[in-house]
1. When residues of region 233-263 are filtered for being of a type in the set (S, T, N, Q) and not in a helix (DSSP H, G or I), how many remain?
2. Between residues in region 157-173 that are part of a helix (DSSP H, G or I) and residues that are of a type in the set (S, T, N, Q), which pairs lie under 7 Å by C-beta distance while being six or more apart or on different chains?
3. Does region 281-291 include one or more residues that are of a type outside the set (Gly, Ala, Ser) and at pLDDT below 85?
Amino acid sequence: MPVPVQRKAPKLAAKPARQPAVLTRDLKAAVIVRLLLGQSGGAPLRGLEARHQTRLIHAMSRLRFIDAATTEHIIREFLAEFDSLSLYFPAGLPGALDLMRSHLDPIAAAAFDQPAQSDGPADPWSRIEAMEPADLAAALAGETPPTLAVVLSRLSSGKAAELLHNLDPDLARTAALAAAQGGRIDAAGLAGIGAAIAAAIDRNADQGALPGDPVARVGNILNFVPAAAREGLLDALETADADLAERMRRIMFTFADIPDRVEVKDVPKIVRAIDNETLVTALAGARGDDKEVVDFLFANLSKRLAEQLADEMRETGEVKVKDADRAMNRIISAIRDLEASGEITLITEEE
């Protein structure tokens, strides 16, 4: 009887180790943040700039499941050694936003309430702020006063003043009044208005989140409006609401207010904070009530410095009104900066 031949079982080749997926830097960052969100301490995302937060959200929306090998490979790039993990990401942009919303800067979160763009949402207000005042005024000419009130409140004081100066006078008055009487607006509403205005600007070219007292905001804007236009606006506000106009006049601080609001001892400090060309231009261009500022400053400077400034003013000669206004606004800004830093204290009406 033949002896059966025993056959050895074929030797199976070892299964190759799974290679980690190749991910971009943004996607790897999303993996790390997803890991941190699962820890008790969370992820300190509010310290990131809004643009980095938006990039992170878009990266997370592109991920779904990260296997253990890929996760471990990513962690090893950050740490010398880490346990093997796997991660599950919510589906799409809505899921990623739900996961991250409580950790985001309000502006970054509000931007995602608008229709998503392939390159990520940009801040429309930066673009609006950068526009030439005349172009911005033309783009906003058809907007309602409440919308213009939001724009005025969102822009820097200097740019808002230039916008008012370029708007139709009646529209400027109603917009300023609306801004002074305005209430709070949340971040999503602010982002939506900015996006709508930017979209309107684009069409025409083929273009809560507001902190503080609205009266103070408009008063600060009017500080930088040329004197004649400012008085016209205040007269119109007084007709519409005398109490509001009076509140605004008390809040405002203009070049002509310097003798009444600046302490004598602070005059040398203010002069040192202003470049010489700006100071000479403002003083040489002083007219009407503004001439009292020249007398006040000269009376509280050393005799040598006052004589030097007087000589330079004579050499400068006649100064255009717009150049004088610009220089005076820079002086007001410098004084406000000194006040904000605590280096000087302005006199209030009660004092």
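1. 1
2. If the second residue must be of a type in the set (S, T, N, Q), the pairs left are Ser157/Asn220; Ser157/Asn223; Gly158/Asn329.
3. Among the residues of region 281-291, at least one is of a type outside the set (Gly, Ala, Ser) and at pLDDT below 85, which makes the answer yes.
Yes/no per residue for (1) surrounded by 16 or more Cβ atoms within 10 Å (Cβ to Cβ); (2) assigned by TED's automatic domain parsing to the domain that holds Ala324; (3) not in a helix (DSSP H, G or I):
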residue: Lys265; (1), (2), (3): no, yes, no
residue: Pro268; (1), (2), (3): no, yes, no
residue: Leu283; (1), (2), (3): yes, yes, no
residue: Val293; (1), (2), (3): yes, yes, no
residue: Phe298; (1), (2), (3): yes, yes, no
residue: Leu301; (1), (2), (3): yes, yes, yes
residue: Glu307; (1), (2), (3): no, yes, no
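The values are calculated or read from the model by the stated rules, or taken from the named source; none is laboratory data. These figures come from a predicted structure and were not determined experimentally. Cβ sites come from the backbone with ideal geometry, for glycine too, and all protein chains shown count toward neighbours.
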